[in-house]
Amino acid sequence: MLVSANLELELALGVMAGIIGRKREFLWRFVMRTVTMGILLAISIAIPYFGQVIDLVSAISTTVVFFMVPVLCYVKLVGWRNIRVYELVLCFIIVAIGAVACVWGLIDAIKALKKAIHDGHG
């Protein structure tokens, strides 16, 4: 995700070899990516329990994006009535597995965040 954000920023700023030359393109990309990593480093140091918060966010978003959204988009695009029964059952199973993984990850992330707060580790 970070790479795509940087690529979009470079495109918006016109950082392309055909426009500014290869050496300046490399220099711009190097500087932009270094600054981006520096900003992320500063945020991760400044926010207490940053790792645990990221675990919490990724527990929700990863399972939803990889398990649930593709299946639900497929069902929405094709239509409930145009999908065979065994496909609907398989779609339901995949979404259910994603939901269980999401809840499981969420519980684990909340426990880790509680433990970090209780122990005072940031």
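The values are calculated or read from the model by the stated rules, or taken from the named source; none is laboratory data. Nothing here was measured: the structure is a model prediction, and the numbers come from that model. Glycine also receives a Cβ, built like all others from the backbone with ideal geometry; neighbour counts cover every protein chain displayed. In case anyone asks, the SASA skips ligands and DNA or RNA and just uses the protein heavy atoms, side chains included. Shrake-Rupley method; radii C 1.70, N 1.55, O 1.52, S 1.80 Å.
Before moving on, here are some points about what is shown:
- Given charges at beta-carbon only (K, R positive; D, E negative), |dipole| of the chain in Debye: 220 debye
- Taking 0.36 nm per residue of separation and subtracting the Cα-Cα distance, full extension of the segment from Ile47 to Phe30 would add 3.5 nm.
- Net charge, Ile117 excluded, C-beta distance under 14 Å - Lys, Arg +1, Asp, Glu -1: +1
- The stretch 68-110: trypsin sites (Lys or Arg not before Pro) in DSSP loop, at most 15 other beta carbons within 10 Å: Arg84
- Within the accessible area of the chain (1.4 Å probe), percent carbon and sulfur: 75 percent
- FRET efficiency, 1/(1 + (r/R0)^6) with R0 22 Å, evaluated for Phe66 and Val3 via beta carbons: 0.75
- Solvent-accessible surface of the chain, averaged per residue with a 1.4 angstrom probe and all protein chains in place: 77 square angstrom.
- Under the combined filter of DSSP loop state and at most 10 neighbouring Cβ atoms within 10 Å, the stretch 1-39 retains none of its trypsin sites (Lys or Arg not before Pro).
- Summing Lys and Arg as +1 and Asp and Glu as -1 over all other residues whose Cβ lies under 13 Å from the Cβ of Val75 gives a net charge of +2.
- Whole-number percent relative contact order across the chain, with pairs defined as alpha carbons under 8 Å at least 6 apart: 30 percent
- Using R0 = 30 Å, the C-beta based FRET efficiency linking Met37 and Ala17 works out to 0.85.
- Taking the C-alpha atoms only, the angle from helix 22-46 to the longest principal axis of the chain is near 60 degrees.
- Cα gyration tensor shape of the chain, rounded if a/c is under 1.5, else prolate or oblate by comparing a/b with b/c: oblate
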